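All remarks here apply to the structure that follows.
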């Protein structure tokens, strides 16, 4: 599924609402509307990470990991 920046913003707003005391929030992604409760806060955080990762990959800026080792001689 392709996500947009507005999807990421709505998930972030939903996480903030649940963290500040709302009991139920609705998130609309594409044509789907999903309700999340306080018990599902971790699901929203996982969704936020998934959307952010996909947006990063789609932007064409690949992540680069540089490893450096030393034998300590």
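Laboratory data are not the source of any read-out in this text; all were calculated from the coordinates shown. Keep in mind the model is a prediction, meaning the values are calculated, not measured. With ideal geometry, Cβ positions are generated from the backbone for all residues, glycine too; neighbour counts draw on all protein chains shown.
Things to note:
- Within the stretch 5-58, the percentage of alpha carbon pairs spaced more than 15 angstrom apart rounds to 41%.
- Mean residue ellipticity, 222 nm, helices only, the chain: the sum of -39500 (n - 2.57) across DSSP H runs of n ≥ 4, divided by residue count and rounded to 500, is -15000 deg cm²/dmol.
- Each Cα pair under 8 Å and six or more residues apart adds its sequence gap; the mean of these over the residue count of the chain is a relative contact order of 30 percent.
- Computed from Cα positions, the angle between helix 41-58 and the longest principal axis of the chain comes to roughly 50 degrees.
- Using a Förster distance of 22 Å, the FRET efficiency for residue 48-residue 68 (Cβ separation, nearest 0.05): 0.10
- In the chain, the longest principal axis of the Cα atoms and the axis of helix 5-19 are about 70 degrees apart.
- Highest GNM mean-square fluctuation among 28, 20, 53, for the chain modelled with Cα contacts below 10 Å: 20.
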